[in-house]
Amino acid sequence: MSVAQEKKYEDIHFVDSTRPVWNYSLFSEEDVANFQRGTHYRLYELFGSREITVLDKKGFYFAVWAPNATWVSVTGNFNDWNTQSHPLYVRLDNSGIWEGFIPWMPKGEVYKYHIHGFRGRKMDKGDPYANFWERRPDTASITWDLGYQWNDQSWMETRAAHNSTKAPWSVYEVHLASWMRPDPNDEERYNTYGFFSDRLVKYVKEMAFTHVELMPVTEHPFDGSWGYQGTGFFAPSSRYGDPQGFMALVDAFHKEGIGVIMDWVPSHFPYDAHGLFMFDGTHTYEYADMRKGFHPDWNSYIFNYKRGEVKSFLISSARFWLDKFHIDGMRVDAVSSMLKLNYSREEGEWEPNEFGGDGNLEAIAFIKDLNETIYRDFPDVQTIAEEATDWPGISRPTYTGGLGFGMKWMMGWMHDTLDYFKLDPIERPYHQNKFTFSMMYYYDENFMLPLSHDEVVHGKSPMIYKMPGDDWQKFANLRALYGYMFTHPGGKLLFMGNEFASTSEWNYKTELPWGLLQYESHSGLKDCVRDLNLLLRREPALYECQFDTAGFEWGDLSHRPECVIVYRRKGKDPANDLLVILNLTPVVRRDWKVYAGGKPAWKEIFNSDKKQYGGTGDVYNPEILTSLVDKKENRYEINLHLPPLGIVVLK
């Protein structure tokens, strides 16, 4: 019997209709060659389980890559988990692809691949390309389709403007399970994608965030990994419903003009028996050399970026979410660990590359191809690197030697800023460099400022308890910190709960402490964050030139003892310029003099000391007096009242 080589799903070659599995193929010779070269980026249309019709018989076609296997069969409830009754056929081209068509197989059947692998090892594996999995702790894949009627045409036609680096970016980072639960004391229960399509979408819109970032919703077996150790790279988690439910959630966000970013993890995977590890009895998806193939930090395994089939698998996964689920951006996790051969390894635990360096050349090539492919096929989305080293050019184009990401998390800003704000105001005059240092290297990359989940777990304390002083000062400090973040150049990211000052560290087993919103200080902070989002959206000076040297200018750094800092944010039109003044001590500064050129009149458009936000409401500037002090330079003296531990924005 020959193997069909027709890629368009239209032609059938010879099929033995008397066998429970028919010898049938969706692969062309070109498909196989590109798969092996690492240049096939639509594998989700070929591998896995596909519902098709052959000889007027509806059923499911199965294809899996197991190059070291001697036997692969499909098992499930449909055949009482019989490992012998439904064997797949191995292609005769040494591709390692096993495939076949099972007529009458219905949608919704659970299945696994039974594999006789290297050295006779026998194992039962989930489908690496499955679109739907059983809900954990069960581990089988499920036959499914991805049919869905999208209603986001308006968003898709205009999202290039929303997702541009010249647009406002304010991202709400969410872990779905623990944002809100049906029972906050029952970690085994989850809300549905439908619930989030209503409640979460309304909340994010109410808070005026421009984007939501979902911590990994790709299928994963262990809740405690927060989704970062995945087994299903082509499936949204069944904890919350089926794939169409997740599509409807994305659709609902888009309907409200909110972009959806998802965390994606091509850096490592767990050793669960049903997953990718030792897939056909040996190291198939991971490096065989554990100096490159094992993650000591996470007790997990590293993808073999040198292997063409693995590279095709990973880039197809990224493309799948953009193509089939209309995702607007990919936040790529743990990029540092991919780039560095010596990441978390001591001397003698790693081997230099062929040039004697510590860079993983194969991972670097993979990342460049990933970004080139995404921006070629989806130019209206963004890729964002979670990368913590000083590796150059993370968010620079590949044709200039960069890695090609659209943005990079600004971890240095986050660490320096939190270190500064943790200080007692008495100490702050001696550490102003921590506040100002970010602008020394800001223009090296397109930066996103993250106050993420990693900063409120593992004993780091919630945001409110990082702040010094009594309760009033803690909230005032936090309002000032958020005001600084939203007026600093770059994208912004705030983890759920930070917006209303959660008083407990994030715990994935429960839900956010929503009851805190009954207290004015917490509800006031929430209002402050909402208004900062609205300010960001409303004022072009805060985003039009956010990655350009023309967008920022220091105004006054000469008042260290008083901890008063002034800077100017600029857009394309000088008429839209903003002045930002921070007073980072608990002392009221009345009749404070600020000097700025170009404009004789200013008005206060934001004040973090507003009573609605939990401030005093006593220190504000209804009318601002100015006087010309240098006619030649068109320079004015501006007379202001500065609230304690506050930020004021003028226009």
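The values are calculated or read from the model by the stated rules, or taken from the named source; none is laboratory data. Just so it is clear, the model here is predicted, and its values are computed rather than measured. In this analysis, Cβ positions are derived from the backbone assuming ideal geometry, glycine residues included, and neighbour counts consider all displayed protein chains.
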>> Being farther than 24 Å from Ser237 by Cβ and in contact with a Phe, Trp or Tyr (Cβ under 7 Å, 6 or more places away or on another chain) narrows it down to one residue among Asp377, Asp358, Asp416; which is it?
In response: Asp416
>> Being crowded, with 19+ Cβ neighbours inside 10 Å, free of Cβ contacts under 8 Å to residues at least 60 places away in the same chain and touching a helix residue (DSSP H, G or I) at 6+ places or on another chain (Cβ under 9 Å) is the filter here; which residues of segment 97-109 pass it?
In response: Met105, Glu109
> When you scan segment 637-651, how many residues do you find that are assigned to a strand (DSSP E or B) and either on the phi > 0 side of the Ramachandran plot or among the hydroxyl-bearing types (Ser, Thr, Tyr) (or both)?
Replying inline: 0
> Under the condition of being outside any loop (DSSP other than H, G, I, E, B) and at pLDDT 95 or above, which residue from segment 605-636 is surrounded by the most Cβ atoms within 10 Å (Cβ to Cβ)?
Replying inline: Tyr613
>> Considering only segment 589-600, I want to know if a residue exists there that is loosely packed, with under 13 Cβ neighbours inside 10 Å, basic (Lys, Arg) and closer than 27 Å to Leu534 by Cα.
In response: no
>> With surrounded by 14 or more Cβ atoms within 10 Å (Cβ to Cβ) and assigned to a strand (DSSP E or B) as the only criterion, which of Tyr129, Tyr148, Tyr113 stands out?
In response: Tyr113
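Residues are listed down the side, and each one gets a yes or a no for (1) crowded, with 24+ Cβ neighbours inside 10 Å; (2) not in a helix (DSSP H, G or I):
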{"site": "Asn433", "(1), (2)": "no, no"}
{"site": "Met439", "(1), (2)": "no, no"}
{"site": "Pro450", "(1), (2)": "yes, yes"}
{"site": "Lys460", "(1), (2)": "no, yes"}
{"site": "Met485", "(1), (2)": "no, no"}
{"site": "Leu494", "(1), (2)": "yes, yes"}
{"site": "Thr503", "(1), (2)": "no, yes"}
>> Residues that are in contact with a Pro (Cβ under 7 Å, 6 or more places away or on another chain), closer than 12 Å to Lys570 by Cα, in contact (Cβ under 8 Å) with a residue 40 or more places away in the chain and in a helix (DSSP H, G or I): does segment 527-536 have at least one?
In response: no
>> Let me spell it out: the conditions are (1) surrounded by fewer than 22 Cβ atoms within 10 Å (Cβ to Cβ); (2) part of a helix (DSSP H, G or I), and Ala363 meets all of them except one. Which number is the exception?
In response: (1)
> Can you pull out the residues in segment 541-553 that are under 25 Å from the mean Cα position of the chain (by Cα) and assigned to a helix (DSSP H, G or I)?
Replying inline: Leu542
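One line per residue, one yes/no per condition, for (1) in a strand (DSSP E or B); (2) touching a Phe, Trp or Tyr at 6+ places or on another chain (Cβ under 9 Å); (3) surrounded by fewer than 23 Cβ atoms within 10 Å (Cβ to Cβ):
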| site | (1), (2), (3) |
| --- | --- |
| Gly224 | no, yes, yes |
| Gly227 | no, no, no |
| Phe233 | yes, yes, no |
| Ser238 | no, yes, yes |
| Gln244 | no, yes, yes |
| Met262 | yes, yes, no |
| Pro266 | no, yes, no |
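For (1) assigned to a helix (DSSP H, G or I); (2) under 20 Å from Tyr228 (Cβ atoms); (3) touching a Phe, Trp or Tyr at 6+ places or on another chain (Cβ under 7 Å), each residue gets a yes or a no:
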{"site": "Lys311", "(1), (2), (3)": "yes, no, yes"}
{"site": "Arg345", "(1), (2), (3)": "no, yes, no"}
{"site": "Gly348", "(1), (2), (3)": "no, no, no"}
{"site": "Asn353", "(1), (2), (3)": "no, no, no"}
{"site": "Asp369", "(1), (2), (3)": "yes, no, no"}
> Can you tell me which residues in segment 18-35 are of a type outside the set (Val, Ile, Thr), buried (at least 18 other Cβ atoms within 10 Å of the Cβ) and closer than 30 Å to Asn371 by Cα?
Replying inline: Leu26, Phe27, Asp31, Phe35
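Every residue, every condition in (1) in contact with an Asp or Glu (Cβ under 8 Å, 6 or more places away or on another chain); (2) touching a residue at least 12 places away in the same chain (Cβ under 8 Å); (3) among the β-branched types (Val, Ile, Thr), yes or no:
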{"residue": "Arg50", "(1), (2), (3)": "no, yes, no"}
{"residue": "Leu55", "(1), (2), (3)": "no, yes, no"}
{"residue": "Trp65", "(1), (2), (3)": "yes, yes, no"}
{"residue": "Thr70", "(1), (2), (3)": "no, yes, yes"}
{"residue": "Val74", "(1), (2), (3)": "no, yes, yes"}
{"residue": "Asn77", "(1), (2), (3)": "yes, yes, no"}
{"residue": "His86", "(1), (2), (3)": "no, yes, no"}
{"residue": "Arg91", "(1), (2), (3)": "yes, yes, no"}
> Within the group Gly357, Gly348, Gly402, Gly308, which residue is in contact with a Lys or Arg (Cβ under 8 Å, 6 or more places away or on another chain) and more than 30 Å from Glu157 (Cβ to Cβ)?
Replying inline: Gly308
> Which of the residues that make up segment 55-84 are at pLDDT 95 or above, surrounded by fewer than 18 Cβ atoms within 10 Å (Cβ to Cβ) and hydrophobic (A, V, I, L, M, F, W, C)?
Replying inline: Trp71, Trp81
>> So, Val250, is that one within 22 Å of Gly117 (Cα to Cα), of a type outside the set (S, T, N, Q) and part of a helix (DSSP H, G or I) or not?
In response: no
